[in-house]
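Note sheet for the following structure.
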Amino acid sequence: MTLQQLIYVISLDDEKSFVKAAEACFVTQPTLSQQIQKLEEELDVIIFDRSKQPIEATTIGREIIDQARKVLKESDNIKSIVGEMRGEISGRVRLG
């Protein structure tokens with residue numbers, strides 16, 4: 001399981017279309033589809049019901065997607081921690 005696969009899963013959930021999700025991730029549709037299929041094979045579950053249009057997550061898929069969102073948020077926190085340790089400043093600045 002890779003972070004990239006989780007990004008693809010979330011994108012597909014958001015877009016409800018393999019083509020739109022691939023465009024949003026700047027990859028080809030076959031690449032996105034193959035990576036999601038690899039993840040499903042690794043976990044031995046079906047994350048998306050492909051027979052429905054628009055694409056819908058299965059019951060277990062919904063739980064996986066929710067957890068994937070948490071994992072990606074935490075990975076962003078790791079990047080922030082490293083940036084702070086290096087003395088980098090980030091965030092919003094408002095001038096009024």
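The values are calculated or read from the model by the stated rules, or taken from the named source; none is laboratory data. Keep in mind that this is a model prediction, so the values were computed, not measured. Heads up, the Cβs are rebuilt from the backbone with ideal geometry, glycines too, and the neighbour counts pull from every protein chain shown. Note: accessible area is taken over every heavy atom of the protein model, side chains too, but ligands, DNA and RNA are not part of it. Shrake-Rupley method; radii C 1.70, N 1.55, O 1.52, S 1.80 Å.
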Tell me, please, whether a residue that is modelled with pLDDT of 95 or more, open to solvent by 60 Å² or more (accessible area, probe 1.4 Å) and either part of a helix (DSSP H, G or I) or hydroxyl-bearing (S, T, Y) (or both) can be found in the stretch 73-88. no
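May I ask you to verify whether V27 is part of a loop (DSSP other than H, G, I, E, B) and open to solvent by less than 80 Å² (accessible area, probe 1.4 Å)? Steps first, answer last, please.
Working: part of a loop (DSSP other than H, G, I, E, B): yes; open to solvent by less than 80 Å² (accessible area, probe 1.4 Å): yes.
Yes: the conditions hold for V27.
Residue-by-condition table, conditions (1) open to solvent by 100 Å² or more (accessible area, probe 1.4 Å); (2) part of a helix (DSSP H, G or I); (3) free of Cβ contacts under 8 Å to residues at least 12 places away in the same chain; (4) touching a Ser or Thr at 6+ places or on another chain (Cβ under 6 Å):
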| position | (1), (2), (3), (4) |
| --- | --- |
| L6 | no, yes, no, no |
| K20 | yes, yes, yes, no |
| I36 | no, yes, no, no |
| E41 | yes, yes, yes, no |
| R62 | no, yes, yes, no |
| A68 | no, yes, no, no |
| V71 | no, yes, no, no |
| V93 | yes, no, yes, no |
